[in-house]
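Before any comments, here is the structure.
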Amino acid sequence: MKDIVIYFTYGLTSEDELLELFRRMKKIGVSAVELGVPFSDPVADGPIIQEASIRALKNGGSLKKAIEFAKKYKDKLELPIYLMGYINSFYSYGLSGFIEDAKAAGIAGAIIPDLPIEEFAGFRKEAEKRNFALPVIISPLSSEKRIKMLAKAATGFIYLVPRMGTTGTHTDDFSAAKEMIKKINSPLPVYVGFGIHNAASLRSVMRIADGAIIGSAFIKRYLDSGRIDEPINWLREVAGN
Amino acid sequence: MLPDSNGYYGNFGGRFVPEILMGLLEELEQNYNRIKKEKWFKERFKQMLADFVGRPTPLFEAKRLSGKYGFRIFLKREDLAHTGAHKINNTIGQAILAEAMGKTDIIAETGAGQHGVATATACAMLGLNCKVFMGTEDIKRQYPNVERMKILGAEIIPVDSGTKTLKDAINEAIRYWVTHADKTFYLIGSAVGPHPYPSIVRDFQSVIGREARGQIRSKIGRLPDMIIACVGGGSNSIGIFWPFMKENVKFIGVEAGGKGERIDQNAATLTYGKPGILHGALSYLLYDENGNIYPTHSVAAGLDYPGVGPAHSFFKEAGRAEYHSISDKEAIEAFYELSELEGIIPAMESAHAVAYLKKLKGKLSRDAAVIVNLSGRGDKDLGEFEESR
Ligand SMILES: Cc1ncc(COP(=O)(O)O)c(C=O)c1O
């Protein structure tokens, strides 16, 4: 069985809806959730996740509340949570306090696209010591030397981005990703994210990687309908369960 | 050495960007470190500054203004540089660098439009493609510069997200950059962004301070007591400060105090902000308890930005420079004062630096010498702020 990881922005829904979303995702075989931390200036995101971020901020979404949510429902959330957000949210929270609180809330790790492995070495060290995962992102422009460094630094899983661009741009051709995966020497699972938008693109990814990360295509269905049923039904369809 | 090998000025700077840009920044750093020392580059840059930009710009003793405030005031006339502001020093340097690296697609952000015009100008002269990202609010308030960029052959990309000003123009430029990373050269307009940009911009703008050193010496036989410059991202200020770094010269950076102390009413990053991370660097920043960036306001589009270059955060913490803020109203008064007393219409950004002189009245001796960096001319601002007067 390969893994499906869903990205969903914290604060976009009520907590009850989010709980229900977790329950239903679990039921259709999702293996982990990337819980997006809304940020005012999401420079790596395309229009869909930008819009999700704006709405979530209006609803009062924040890193603090995302951690509180995880803590409050620790025993009910049957899926591991990785927080995904921009470094200033974590920095302003306080990096070591963050690891402590996130661990206490049962959060598995954090993905921070604008924190390269070269920065905040102390944070990486502490995370490693406390068994808090900090997956890395590998991009199509990462050199072989960087891929080696990144694979070595990664914990949790490796996030492979198959193309240049922001989140939400459709990808259909994963041949470059296939080549990149061959260069990654790591015992960690390699997940491909960015651009998966239908059953065919999901199948292509599942052929070459250990799992797929789906964000914009899922969130779009929530943004358009305002209901969690739509993204769930869509996912059930494309995932073929 | 500043910055250190990781791009830090003390605790500030670094490289906080998505993985896709890391290799490009390493490539830029290596190329820049090599090319900047090459003789052809130094000569070409120098010649362009002389023949195309019109450097050196004069240092003008503003006698009537001096008379009014009771100490000697000298204006470094960046308003007389080609295209009307200091921004051209940096765009010429970076455009030659881009060309040498084989990059032909240039992108830039702009607030006041001065960096956009200067980029479009350098690109026209060197035959490079140019796209400029500009907030729709700034397009409205700095319209003359929009027309100029179009005439120069640049494509303007209006940015309608967030506050529709400089911060959002940079966000959109970064999004374009990560999407076309392999082909695009991002020509950043201020001493901000991930390493090595703050240092590249500083180096190219340092021509201002180097010239001013020689000029003030030949006028008064010594170095000045104080240098005043406005601070948006911090490029004209670092450019004039840097060559005086080790001297006993006081540095004053003037930020946009806007309409007041309240959050979102100003853009005085070093006055009201705290360290944080935006647009690739750790530096002072205006943001809330959840890490979200505050909207900003300034009558001067070029100062209307919630961040500041890392060298200034370092200067502030090290006590090497003082940073103060000037309100919209004070800047507008100075805009008229300089026009009426000296026959020079300053850019609204530069008017912030001029306005600080008033705060020094009675505090300096008659023979004290103060240089104000007049970063640009005010043609772009005519009429725009009448309503706030
Ligand atoms: C004339 C002028 N001065 C100053 C600035 C502020 O930028 P910096 O702080 O980088 O000099 C601008 C920016 O657009 C400008 O146009």
#### Entry: Cα-based reach from B:Lys39 at 19 Å (exclusive), listing aspartates and glutamates while leaving out same-chain residues under 8 positions away
B:Glu29, B:Asp51, B:Glu99, B:Asp203
### Message
Per residue of the range B:19-35, what does 6.51 cos²θ - 1.76 cosθ + 1.60 with θ = phi - 60° give for ³J(HN,Hα)? Whole Hz please, x for Gly and Pro, Karplus curve as stated.
### Response
3, 4, 8, 4, x, 5, 6, 5, 4, 4, 4, 5, 4, 5, 4, 7, 5
### Message
For the pairs A:Lys145/A:Lys220; A:Lys27/A:Lys74; A:Lys64/A:Lys148; B:Lys274/B:Lys329; B:Lys46/B:Lys131; B:Lys250/B:Lys380, flag any whose C-alpha to C-alpha distance is greater than 29 Å.
### Response
A:Lys145/A:Lys220; A:Lys64/A:Lys148; B:Lys250/B:Lys380
### Query
What ranking do A:110-121, A:87-98 get when scored by the average of other Cβ atoms within 10 Å per residue, highest first?
A:110-121, A:87-98
### Task
From other protein chains only, count the Cβ atoms within 10 Å of every residue's Cβ in A:60-71, then give the mean.
1
#### Entry: Acute angle (nearest 10 degrees) that the helix B:87-100 long axis makes with the longest principal axis of chain B, alpha-carbon atoms
20 degrees
### Task
Using just the helices of the protein assembly as shown, give the 222 nm mean residue ellipticity in deg cm²/dmol: DSSP H runs with n ≥ 4 each add -39,500 (n - 2.57), and the total is spread over all residues, rounded to 500.
-13000 deg cm²/dmol
### Query
Thinking of the range B:176-228 as a set of Cα atoms, what percent of all their pairs are more than 12 Å apart?
72 percent
### Query
How about chain B: what cysteines have no other cysteine beta carbon under 4.7 Å from their own?
B:Cys230
### Query
Per the Kirkwood treatment, what hydrodynamic radius in Å, one decimal, follows for the range B:111-240 from the mean inverse distance over all distinct Cα pairs?
16.1 Å
### Query
Once you average over the residues of B:10-21, how many Cβ atoms of partner chains fall within 10 Å of each Cβ?
6
### Summary
Restricted to chain B, the DSSP antiparallel beta bridge percent, nearest 5, is 30 percent
### Message
Can you tell me how the range A:98-241 classifies by the Cα gyration tensor, rounded, prolate or oblate, using a/c under 1.5 as the rounded cut?
### Response
oblate
### Query
P(r) tail for the range B:1-111, what percent of Cα pairs lie past 25 Å?
44 percent
## Note on the structure
Residue-ordered couplings for the range B:259-276, obtained by feeding phi - 60° into the Karplus form 6.51 cos²θ - 1.76 cosθ + 1.60 and rounding to whole Hz (Gly and Pro as x), are 9, x, 5, 4, 3, 6, 9, 9, 9, 8, 4, 6, 7, 10, x, 8, x, x
#### Entry: Of A:Met206, A:Phe157, A:Thr169, farthest towards positive along the dipole that unit charges on Lys, Arg, Asp, Glu beta carbons give the range A:125-210
A:Phe157
### Query
Among A:66-77, B:170-181, what's the highest-first ranking by average C-beta atoms within 10 angstrom per residue?
B:170-181, A:66-77
### Message
Quick check for me: using +1 on Lys/Arg Cβ and -1 on Asp/Glu Cβ, what's the dipole size of chain A about its Cα centre, in debye to the nearest 20?
### Response
580 debye
#### Entry: Rounded to whole Å, sorted largest first: equivalent-ellipsoid semi-axes of chain B, Cα gyration tensor
29, 23, 21
### Task
Using only Cα atoms, find the angle between the long axis of helix B:207-220 and the longest principal axis of chain B, and express it within 0 to 90 degrees, rounded to the nearest 10.
20 degrees
## Note on the structure
As straight-line cross-link partners of A:Lys182, the qualifying aspartates and glutamates (C-alpha separation under 20 Å, not fewer than 8 residues apart within one chain) are A:Asp3, A:Glu144, A:Asp172, A:Asp173, A:Asp210, B:Glu19
#### Entry: All aspartates and glutamates inside 18 Å of A:Lys103 as judged from Cα atoms, apart from same-chain residues fewer than 8 positions distant
A:Glu34, A:Glu68, A:Asp75, A:Glu78, A:Glu126, A:Glu128
### Task
Order these peptides, B:185-196, A:183-194, by their mean beta-carbon neighbour count within 10 angstrom, highest first.
B:185-196, A:183-194
### Viscosity 0.890 mPa s, 25 °C: Kirkwood-radius Stokes-Einstein D of the protein assembly as shown over Cα pairs, µm²/s
97 µm²/s
### Task
Please average, across the residues of B:288-301, the number of beta carbons from any other chain that are within 10 Å of each residue's own beta carbon, and give a whole number.
4
### Query
Which percent, nearest 5, of DSSP beta bridges in the protein assembly as shown are antiparallel?
20 percent
### Query
If you project the alpha carbons of the range B:261-322 onto their three principal axes, what span does each projection cover, largest first, in Å?
27, 26, 20
### Query
What list of ³J(HN,Hα) values in whole Hz, one per residue of the range B:108-120 in order, does the Karplus curve 6.51 cos²θ - 1.76 cosθ + 1.60 (θ = phi - 60°) give from phi, with Gly and Pro shown as x?
8, 9, 8, x, 6, x, 5, 5, x, 5, 5, 5, 4
### Message
Using square roots of five times the C-alpha gyration tensor eigenvalues, list the equivalent-ellipsoid semi-axes of the range A:3-239 in whole Å, biggest first.
### Response
24, 23, 16
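Values quoted throughout were computed directly from the atomic coordinates according to the rules given, and no laboratory measurement underlies them. Please read these numbers as outputs of a predicted model, since none were measured by experiment. Glycine gets a Cβ as well: all are built from the backbone with ideal geometry, and neighbour counts include every protein chain shown.
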